[in-house]
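Scroll down for the structure; my scribbles are underneath it.
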Amino acid sequence: MTDWRPGANHAIQRQRAALLADLRGYFAHHHVMEVETPLLCRTGVTDPALENFEVPCGKATRFLQTSPEYAMKRLLAAGSGDIFQICKAFRQEEQGVRHNPEYTLLEWYRLDIDHYQLAREVGELVAAVLERPGWQVWSWQGVFQEVLGVGAHCASREDLEELALGKLGEIPLGLDRDGLLDLLMSHCVEPGISDWGIVFIVDYPPSQAALARQVLDAAGELHGARFECYVDGTEVANGYWECSDASELRARFAADNRLRRARGQPERIADEYLLEALTAGLPPCAGVALGVDRLLALKTGAQDLDAILSFGWSRS
């Protein structure tokens, strides 16, 4: 017999409705326009850490989007001004207490600010929703030093492997340097900040800039101009001071595909619509994606996303 009933009870469903109304009210108050963009598109993402769901459409294949980022940047390049979107997004990954392959995402872009300014806006919004007193800001290098007792920014792959083995005992074979950094972040740093409240980690290594611009700090050190927001050790948001250089992003997409080939993953065609929009001119801006389901789980105290979803992956 199937369990047809929703995972979220009536009280949680009312809290979700109130949260969505509050989020829309926040952006209306700040004169940020709500937009809609397609979820089913011609291209996916090249990022090796993400996999799109593929959907046969006649003789072609389309991809359910992991975020509305590419299409929203096309709107920005066309002169939309500040925009936000609340939509479904999809990642082909295992379902778990913090992961559902179909999820609700809030994404917004603000013109003429950098990632530090956007992080403050995210902090104000998250602190208000969760009724928390404030937040901390740590550099990526600083939080590694604080939690692990060592700096990792310039550490070699061999040094990171030795550190991971010492901390975890066993690690997957064949991880490259960024893979080891991700492992240490998820298995050591995130648990290590689980009692720190709201935490922003800023200034990532250049190799982890993703779609953010790369900037030099006062000491002449190169960083990826991005941040991640954690609440009680759970990542809830990822933001960039956006890279607007089409040639630079094309090179990054090509590097992603080289890594995909090396890992045996399918290559992904670069989104030419996005690249042409950037060539036409993306205004200076910062953008962030925030997981609404995780935010609601934190607000309600739910330990499993299934408890705040009407119908999670096992019920849909």
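The values are calculated or read from the model by the stated rules, or taken from the named source; none is laboratory data. Fair warning: this is a prediction, and the values are worked out from it, not measured in the lab. Cβ atoms come from the backbone with ideal geometry, glycine included; neighbour counts cover every protein chain shown.
Couple of notes before you dig in:
- Among the residues of the range 81-134, the one identified as more than 17 Å from the chain's Cα centre (by Cα), β-branched (Val, Ile, Thr) and part of a helix (DSSP H, G or I) is 129.
- Comparison of 8, 28 shows that the only residue that is closer than 19 Å to residue 292 by Cα, part of a loop (DSSP other than H, G, I, E, B) and among the small types (Gly, Ala, Ser) is 8.
- In the range 168-190, the residues that are over 14 Å from residue 143 (Cβ atoms) and surrounded by fewer than 14 Cβ atoms within 10 Å (Cβ to Cβ): 168, 169, 170, 172, 173, 174
- Selected residue [modelled with pLDDT of 90 or more and out of contact with any strand residue (DSSP E or B) (no Cβ under 6 Å at 6 or more places or on another chain)] from 179, 197: 197
- Among (1) within 26 Å of residue 75 (Cα to Cα); (2) modelled with pLDDT under 95, the one test that residue 97 misses: (1)
- From 28, 17, residue being over 30 Å from residue 273 (Cα atoms), without any contact (Cβ under 8 Å) to a residue 60 or more places away in the chain and loosely packed, with under 13 Cβ neighbours inside 10 Å: 17
- For the range 47-89, a tally of residues being among the polar types (S, T, N, Q) and more than 20 Å from residue 276 (Cα to Cα) returns 4.
- Out of 164, 212, sole residue that is small (Gly, Ala, Ser), within 22 Å of residue 287 (Cβ to Cβ) and surrounded by 19 or more Cβ atoms within 10 Å (Cβ to Cβ): 212
- Meets criteria (modelled with pLDDT of 95 or more, closer than 30 Å to residue 167 by Cα and touching a strand residue (DSSP E or B) at 6+ places or on another chain (Cβ under 8 Å)) for residue 108: no
- Cβ pairs under 7 Å, 6+ apart, first in the range 277-288 and over 14 Å from residue 213 (Cα atoms) and touching a residue at least 12 places away in the same chain (Cβ under 8 Å), second surrounded by fewer than 22 Cβ atoms within 10 Å (Cβ to Cβ) and charged (D, E, K, R): 277/74
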